[in-house]
1. Multiply the residue gap between residue 146 and residue 92 by 0.36 nm, knock off their C-alpha separation, and tell me the result in nm, one decimal place.
2. How do 138, 177 rank when sorted from fewest to most other Cβ atoms within 10 Å of their own Cβ?
3. For the residues 150, 121, what sequence is obtained by ranking on other C-beta atoms within 10 Å, fewest first?
4. Give, in nm to one decimal, the length gained when the segment between residue 100 and residue 62 is fully stretched (0.36 nm per residue of separation minus the Cα-Cα distance).
5. Ranked by Cβ crowding within 10 angstrom, fewest neighbours first, how are 60, 102 ordered?
6. So what's the gap between the Cα centers of the stretch 110-124 and the stretch 144-178, to the nearest angstrom?
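Derivation of every value follows stated rules applied to the coordinates shown; laboratory data play no part. Just so it is clear, the model here is predicted, and its values are computed rather than measured. Positions of Cβ are backbone-derived with ideal geometry, glycine not excepted, and every protein chain shown enters the neighbour counts.
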């Protein structure tokens, strides 16, 4: 993390999040948008033949969007870093709640109906961990239903289920979005 005056070095905290990646290829589309409205004092309307006023000023633009995409991001919590920074169990509970609800509390045209569809947590009985992260993350992989060629809704994916028998010793699995 570098600023104009000083280099703050690497910033590491108790929680790290990866960039989200799409489960399947996405289709990016572009829509034309037009605004025709008076936005400044002094702008005038023009009269139509029918006597109605309309603005001659406006803006044209484009809006990129994705009709549907299912994204997966990974997050990691490091108890040793939490201890060093004072990050508490209550802070972690607030983080889980924020991750589940964040899209519902901040809607916009560009995010549409974006929603958290799964929050899966693996807890270790040892502060040093009981299993490598990649082995646990491999247990939670969304898969498109076999009868679906192109996913266009969440229902086009099979439900994510984690078999408790496949969990390594000392690992507890919790689904927090239900």
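1. Details: separation 54, 0.36 × 54 = 19.44 nm, distance 3.67 nm.
Separation in residues times 0.36 nm, less the Cα-Cα distance, equals 15.8 nm.
2. On the way: 138 10, 177 13.
Neighbour counts put them in this order, fewest first: 138, 177.
3. 150, 121
4. On the way: separation 38, 0.36 × 38 = 13.68 nm, distance 3.06 nm.
Full extension from residue 100 to residue 62 adds 10.6 nm.
5. Working: 60 9, 102 12.
In order of increasing Cβ crowding within 10 Å: 60, 102.
6. 12 Å
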